[in-house]
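Novice: Submitted below is the structure of interest, expressed as structure tokens.
The values are calculated or read from the model by the stated rules, or taken from the named source; none is laboratory data. No experiment lies behind these values; they were computed from the predicted model shown. Here Cβ is always computed from backbone atoms with ideal geometry, including for glycine, and neighbour counts include all displayed protein chains. These area figures cover heavy atoms from the full protein model, side chains too; ligands, DNA and RNA do not enter into them. Shrake-Rupley method; radii C 1.70, N 1.55, O 1.52, S 1.80 Å.
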Amino acid sequence: MTNNGIVIVGGGLAAARTAEQLRRAAYDGPVTIVSDEVHLPYDRPPLSKEVLRSEVDDVALKPREWYDDKNITLRLGAAATGLDTTAQTVSLADGSELGYDELVIATGLVPRRIPSFPDLEGVRVLRSFDESMALRTHAAASRKAVVIGAGFIGCEVAASLRGLGVDVVLVEPQPTPLASVLGEQIGALVTRLHRAEGVDVRTGLGVAEVRGAGHVDTVVLTDGAEISADLVVVGIGSLPATDWLADSGIDVANGVVCDEAGRTSAPHVWALGDVASWKDATGHQARVEHWSNVADQARVVVPAMLGAEVPSNVVVPYFWSDQYDVKIQCLGEPEATDIVHLIEDDGRKFLAYYERDGVFVGVVGGGLPGKVMKVRAKIANATPIAEMLG
Ligand code: FAD
């Protein structure tokens, strides 16, 4: 073993949480975070919410002094370009190499774009702080936006743009927003929410073309409709940021393939966060793109890496999405194919229980936080749905 210590590639939540857990576990060797961004590791959820609405500018997860105090080296603006798992080195874009004893891959995602779109001003994606600031500048001068894709980010951007007074058309190929995650029944309630706020929700459609001379001015939908727009936000999902691993021999299949503790196919190389596909309790590979999952994984990968005992408590997955004044929360593992029991619906706020094979597997609430959190233990204990409905 050299004294290169632990190198974390990626400068987002997963990097920060891993570094934090390492010091908390009393690991006192060198820790280096390598990020292609120039910013301190920061939080992404506000990018489609408070940052876009100009309510917040500082989203750093920790101040610079925290890294100094914890003796964590930050290599910012330094993209990793390659990995040699035999020599145990990472190459950086500036031509330098960094040795490691243990390597953590935490490079997150890159937003998908539509390659056939011409390169026009006013066509944006959203993943990074810089993209959020650029989108906010465009939004300030914009009257009408088309948001392509009604996943969580598309829905949140639509809501934030409405809050800024921009007219919004939300275009989604599926029958409802969020249909592939929460199913069409709850998706219909999300449609209702957006329509009540004045969003023109168009489902079952795609975008055929964007037009403009230098700046976007028209969006053509697949049903032939032509919409005048001065802003287009492409929210059609993201792909794992694994290009830099292409020649490394690391097993990649919809993310870096890991076991249930974040071990990759190469010795001394680990992965977590949005880029990582971990083996779940049922033995399937699953990649999760939610904030809470990152901390849950950091609490496993760090002890595993240090040869300490890995916690075995049952984690009930959780995520949220803020749209207008409604916090949509999801606890457990609901799937679009589950049976959905609508427990409450007042026309805006709602609560739904998800059933699979007679078991209560998840809850989704809109604007009812207490009622969502209350059933955590019931989900963890695989309670029969009949008991929940009785
Ligand atoms: P990231 O945060 O993406 O960090 C990866 C970092 O690695 C980035 O800084 C990237 O630039 C860097 N990197 C990539 N390639 C390289 C390379 N080759 N070399 C060096 N560095 C590299 N989740 C929720 O549960 N609720 C929400 O409301 C919510 N809102 C969100 C809103 C937005 C706009 C976005 C984008 C995400 C949201 N999420 C939300 C998801 C949550 O933010 C992610 O799950 C979390 O950020 C994942 O952290 P990560 O560190 O794995 O990836």
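Novice: Distance between the C-alpha centers of region 253-312 and region 188-240? Whole Å please.
Specialist: The two parts, judged by their Cα centres, are 36 Å apart.
Novice: Residue by residue, what Karplus-based ³J(HN,Hα) values in Hz, rounded to whole numbers, does region 337-352 have, using 6.51, -1.76 and 1.60 with θ = phi - 60° and x for Gly and Pro?
Specialist: So the Karplus estimates, Gly and Pro as x, are 8, 6, 7, 10, 10, 7, 8, 9, 7, 9, x, 9, 8, 8, 9, 9 Hz.
Novice: Here's something else I'd like to know. State to the nearest 20 debye the size of the charge dipole of the chain about its Cα centre, where the only charges are +1 on K and R beta carbons and -1 on D and E beta carbons.
Specialist: That gives a dipole near 740 debye.
Novice: Tally up the carbon and sulfur contribution to the accessible surface of the chain as a whole percent, 1.4 Å probe, everything protein left in place.
Specialist: That fraction is 49 percent.
Novice: Based on the Cβ-Cβ distance from GLU226 to VAL56, what FRET efficiency comes out when R0 is 35 Å, to the nearest 0.05?
Specialist: Efficiency at R0 = 35 Å is approximately 0.45.
Novice: Does region 16-122 come out rounded, prolate or oblate by the C-alpha gyration tensor, with a ≥ b ≥ c the root eigenvalues, rounded set by a/c under 1.5 and, if not, prolate when a/b is larger than b/c and oblate if not?
Specialist: Oblate, since a/c reaches 1.5 and b/c is not below a/b.
Novice: For the ranges 356-364, 80-88, what's the packing order if you count other beta-carbon atoms within 10 Å of each residue, average per peptide, and put the highest first?
Specialist: In decreasing order of mean packing, 356-364, 80-88 become 356-364, 80-88.
Novice: Based on the mean of other Cβ atoms within 10 Å per residue, sort peptides 312-322, 104-114 so the most packed one is first.
Specialist: Ranking the peptides 312-322, 104-114 by packing returns 104-114, 312-322.
Novice: So what is the 222 nm mean residue ellipticity for the chain from helices alone, if each DSSP H run of at least 4 adds -39500 (n - 2.57) and you divide by all residues, rounding to the nearest 500 deg cm²/dmol?
Specialist: -6500 deg cm²/dmol
Novice: Let me ask something else about it. If one takes the longest principal axis of the Cα atoms in the chain, at what angle in degrees, from 0 to 90 and to the nearest 10, does the Cα axis of helix 13-24 lie?
Specialist: Taking the Cα atoms of the chain, the angle to 13-24 is about 40 degrees.
Novice: Let me ask something additional. Note down the nm distance, to one decimal, between modelled labels 7 Å out along Cα→Cβ at LEU76 and at GLU121.
Specialist: Taking the simple label geometry, LEU76 and GLU121 are separated by 2.9 nm.
Novice: For the chain, report the % of Cα-Cα distances exceeding 35 Å.
Specialist: Roughly 31 percent, once rounded to a whole number.
Novice: Given the chain, what percent of its DSSP beta bridges are antiparallel, to the nearest 5?
Specialist: The antiparallel proportion sits near 60 percent.
Novice: With r defined as the distance between the Cβ atoms of ALA196 and THR137 and R0 fixed at 41 Å, what FRET efficiency is calculated, to the nearest 0.05?
Specialist: 0.90
Novice: For each pair in LYS49/LYS144; LYS349/LYS371; LYS144/LYS349; LYS279/LYS378; LYS49/LYS374, compute the distance between the two Cα atoms and list the pairs where it is over 20 Å.
Specialist: Over 20 Å Cα-Cα: LYS144/LYS349; LYS279/LYS378; LYS49/LYS374.
Novice: Another question about this same structure. Please give the length that would be gained between GLU65 and ASP130 if that part of the chain were fully extended, namely 0.36 nm times their separation in residues minus their C-alpha to C-alpha distance (nm, one decimal).
Specialist: 21.1 nm
Novice: If a paramagnetic tag sat 7 Å from the Cα of ASP84 along the Cα-Cβ line, which residues of region 1-18 would have the backbone N under 18 Å from that point?
Specialist: 1-5, 7
Novice: What nm distance separates the two modelled labels at GLU309 and ASN3, each placed 7 Å from Cα along Cα→Cβ?
Specialist: 3.2 nm
Novice: May I pose another question? Computed FRET efficiency, Cβ-Cβ of GLN285 and ALA208, R0 41 Å: what is it to the nearest 0.05?
Specialist: The calculated FRET efficiency here is 0.75.
Novice: Sticking with this one: What residue among LEU231, LEU74, LEU47 has the largest mean-square fluctuation in a Gaussian network model of the chain, using Cα springs under 10 Å?
Specialist: Checking each option, the largest mean-square fluctuation is seen for LEU74.
Novice: Rolling a 1.4 Å sphere over the protein heavy atoms, what is the accessible area per residue of region 302-374, to the nearest Å²?
Specialist: Spelled out: the 1.4 Å probe surface of region 302-374, per residue, equals 47 Å².
Novice: Report the residue, chosen from GLY273, GLY370, GLY262, that carries the largest GNM mean-square fluctuation when the chain is represented by alpha-carbon nodes joined by springs under 10 Å.
Specialist: Of the options given, GLY370 has the highest mean-square fluctuation.
Novice: Using a basic spin-label model with each label point 7 Å from the Cα along Cα→Cβ, how many nm lie between LEU389 and SER265?
Specialist: 4.4 nm
Novice: Can you return the aspartates and glutamates within cross-link range of LYS62? Criterion is Cα-Cα under 14 Å, with same-chain partners fewer than 8 residues away left out.
Specialist: GLU20, ASP43
Novice: Still on this structure: Which of the listed residues, PRO63, VAL110, LEU22, is farthest toward the dipole's positive end in the chain, when Lys, Arg count +1 and Asp, Glu count -1 at the beta-carbon?
Specialist: Of PRO63, VAL110, LEU22, it is PRO63.
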